[in-house]
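These notes concern the structure reproduced below.
What follows draws every value from the coordinates through simple rules; no lab data is involved. Predicted, not measured: the structure shown is a model, and the values here were computed from it. Please note: Cβ atoms are built from the backbone with ideal geometry, for glycine as well, and neighbour counts cover all protein chains shown.
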Amino acid sequence: MIKPTELPDDIAVFPLGGALLLPRSRLPLHIFEPRYLQMVEDVLKTDARIIGMVQPNPRPGRDSAGLHTIGCAGRLTQFSETEDGRYMITLGGVSRFRVVKEIEGFQPYRRCTVDWNGFERDLGKDEEDFGFQRESFLKLLGRYFDTRNLSADWDTLKEADDELLINSLSMMLEFDAEDKQALLEAPSLETRRETLVTLIEYTLRGGQEEGIMQ
């Protein structure tokens with residue numbers, strides 16, 4: 001486990017719309033663009049092996065970097081190279097961060113100075129959701145899966161720890177990038193679960209032309 005003092009002030013960032021990484025979760029990525037192949041190679045040379053996942057900001061003028069302010073950093077824990085030079089990597093979620101500024105430089109990928117303050121809880125033990133009513137949640141999830149023609153290992157879902165279940169679904173289910181950002185910024189596991197339920201119920205109602213999170 002990474003200690004707060006081991007978190008770097010400057011990190012490589014990977015702006016990828018709709019891709020959500022959460023603390024203590026795992027995100028597999030397929031890397032093929034030359035600039036991000038270079039990013040992986042450079043990150044592998046560092047001690048922390050940190051990459052920041054951040055959502056592009058679709059609303060021009062909100063910030064100068066064109067990125068959402070809050071992202072989540074992951075440690076590169078698995079790495080393999082394909083015969084044609086692509087990389088398959090896995091990031092293990094470490095902590096959320098706040099973008100301070102983008103760093104100008106000669107590297108082909110983006111780097112940012114970041115602030116880890118306010119997200120100390122991310123470096124701790126698994127969170128629990130004491131208000132979680134699993135049975136009713138799984139019934140709602142079953143309705144969602146039915147409408148999307150999705151299958152699931154229900155025995156595994158019933159047995160999964162609160163954080164693993166809620167965070168995995170937040171990362172895997174298909175929501176808009178802005179809704180993924182809302183799940184990322186949830187201050188607690190309980191708030192994330194409430195947001196997730198709202199998004200699922202919204203989807204079951206058929207949605208609206210504009211996103212739920214304004």
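At-a-glance table
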quantity	calculated
Choice from 46, 113, 195 showing the highest fluctuation, given a GNM over the chain with Cα pairs closer than 10 Å	46
Distance between segment 1-36 and segment 100-118 - C-alpha centres, whole angstrom	13
Rounded to 10°, Cα long-axis angle of helix 34-44 versus longest principal axis of the chain	80
Taking segment 134-204 and dividing mean pair separation by its residue count, relative contact order in percent (alpha carbons under 8 Å, at least six apart)	41
Sorted peptide list for 129-136, 7-14, criterion being average Cβ within 10 angstrom, highest first	7-14, 129-136
Reachable lysines from residue 101, criterion Cα separation under 26 angstrom, eight or more residues apart if same chain	3, 45, 180
Backbone HN-Hα couplings from phi across segment 182-187 [Karplus 6.51/-1.76/1.60, Hz, Gly and Pro as x]	4, 5, 5, 7, 3, x
Value of relative contact order over the chain, rounded to a whole percent, pairs C-alpha under 8 Å and six or more apart	22
Degrees between helix 134-148 axis and first principal axis of the chain (Cα, 0 to 90, nearest 10)	80
Exposure proxy order (Cβ contacts within 10 Å, fewest to most) of 111, 148	148, 111
Residue among 67, 196, 44 with the largest mean-square fluctuation in a Gaussian network model of the chain, springs linking Cα atoms under 10 Å	44
